[in-house]
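Quick note: the coordinates plus some simple rules give every number you see, no bench work behind them. In this text, all values refer to a predicted model and were calculated from it rather than measured experimentally. Please note: Cβ atoms are built from the backbone with ideal geometry, for glycine as well, and neighbour counts cover all protein chains shown.
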Amino acid sequence: MNSDIVNQIFNETRGFSIEEHLLYLIRVFKNEIVFSTSFGFEDQVITDLIFKNNIPIEIFTIDTGRLFPETYRVFNATREKYKQNIRVFYPEAESLEKFVTEKGPNSFYESLENRKECCFLRKVVPLQRALKGKKCWITGLRAEQSENRQQLSMYSYDALYDIIKFNPLLEWTFDEVKNYIQTNNIPYNSLHDKNFVSIGCEPCTRAIKDGEDFRAGRWWWEQSSGKECGLHT
């Protein structure tokens, strides 16, 4: 049934611009559609498309409690530019307090299990709350970002969250994203100017070196490939 819905959307939106996709989706899903932003380049492009076209799609972000100061600055600059609110979701205090009390504030460096538990508490649990009751989730994922993401489609069904996922920038290149940001004078995270490509929590993110892939700066101490935090499976 869900694959039928995805196929129907593909067929009915063939050749659409991103704006036309968004307008189509609000007709289909009405108040049950959301966009998640972490204020990276890609997310700022989608935020601009939603806000400047006055498309009634709720935008939310997850504040893990360990973000860079630069991320909060671009969050604030975005609010000021568009005069719009962005809903914030935080981790559940009791579970996070227990985790940090028992394992310490930087236990994610000690084992993959600890790191995934930290990501789960700080990101996945708030995301579950943000997506509750929603039927469509818009993301800023691009195929170029990692080998895992090259397998994605513009539309798909995410069984974990029982939701239709829309990736409008899936086929965009990094240069196309940057050019859109510059041309439209959109606020962006200043860490991007220092070779931070994928920006997450401050302790878990570093700048990438020449020749490294887009995700190399995330959890750089881990040796496994296809590293993800659990938000996108």
>> If you fit an axis through the alpha-carbon atoms of helix 69-82 and take the longest principal axis of the Cα set of the chain, what angle between them do you get, 0 to 90°, nearest 10?
In response: 20
> Across segment 31-42, in residue order, what do the Karplus-derived ³J(HN,Hα) couplings come to in whole Hz, using 6.51 cos²θ - 1.76 cosθ + 1.60 with θ = phi - 60° and x for Gly and Pro?
Replying inline: 8, 10, 10, 9, 10, 9, 10, 10, 6, x, 3, 4
> If you plug each phi of segment 15-22 into the Karplus form 6.51 cos²θ - 1.76 cosθ + 1.60 with θ = phi - 60°, what whole-Hz ³J(HN,Hα) values come out, in order, with x for Gly and Pro?
Replying inline: x, 6, 6, 4, 4, 5, 4, 5
> Cα axis of helix 2-12 to longest principal axis of the chain: angle in degrees, 0 to 90, nearest 10?
Replying inline: 50
> Helix-derived [θ] at 222 nm for the chain: sum -39500 (n - 2.57) over DSSP H runs of at least 4, divide by residue count, nearest 500?
Replying inline: -11000 deg cm²/dmol
>> Test of understanding: in a Gaussian network model of the chain with alpha carbons linked when under 10 Å, which of VAL197, VAL125, VAL100 would top the mean-square fluctuation ranking?
In response: VAL100
>> Taking R0 as 22 Å, what FRET efficiency do you get between THR101 and TRP221 from their Cβ-Cβ distance, rounded to the nearest 0.05?
In response: 0.40
>> Give me the extension gain from ASP175 to ASP213: residue separation times 0.36 nm, minus the current Cα-Cα distance, reported in nm with one decimal.
In response: 12.2 nm
> Say each of LEU112 and ASN11 gets a label point 7 Å from the Cα, pointing the same way as Cα to Cβ; how far apart are those two points in nm?
Replying inline: 4.2
>> For PHE166, what residues show an amide H to amide H distance below 5 Å, using hydrogens built from the backbone and excluding near sequence neighbours?
In response: TRP137, ILE138, THR139
> So which residue, out of ASP193, ASP162, ASP63, gets the largest mean-square fluctuation from a GNM of the chain using Cα contacts under 10 Å as springs?
Replying inline: ASP193
> Points 7 angstrom from Cα along the Cβ direction at GLU202 and TYR24: gap in nanometres?
Replying inline: 4.2
> So which residue, out of LEU191, LEU160, LEU49, gets the largest mean-square fluctuation from a GNM of the chain using Cα contacts under 10 Å as springs?
Replying inline: LEU160
> Mind listing the phi-derived Karplus ³J(HN,Hα) values for segment 172-189, rounded to whole Hz, using 6.51, -1.76 and 1.60 with θ = phi - 60°, and x for any glycine or proline?
Replying inline: 6, 8, 4, 5, 5, 5, 4, 5, 5, 4, 5, 5, 9, 6, 8, x, 9, 6
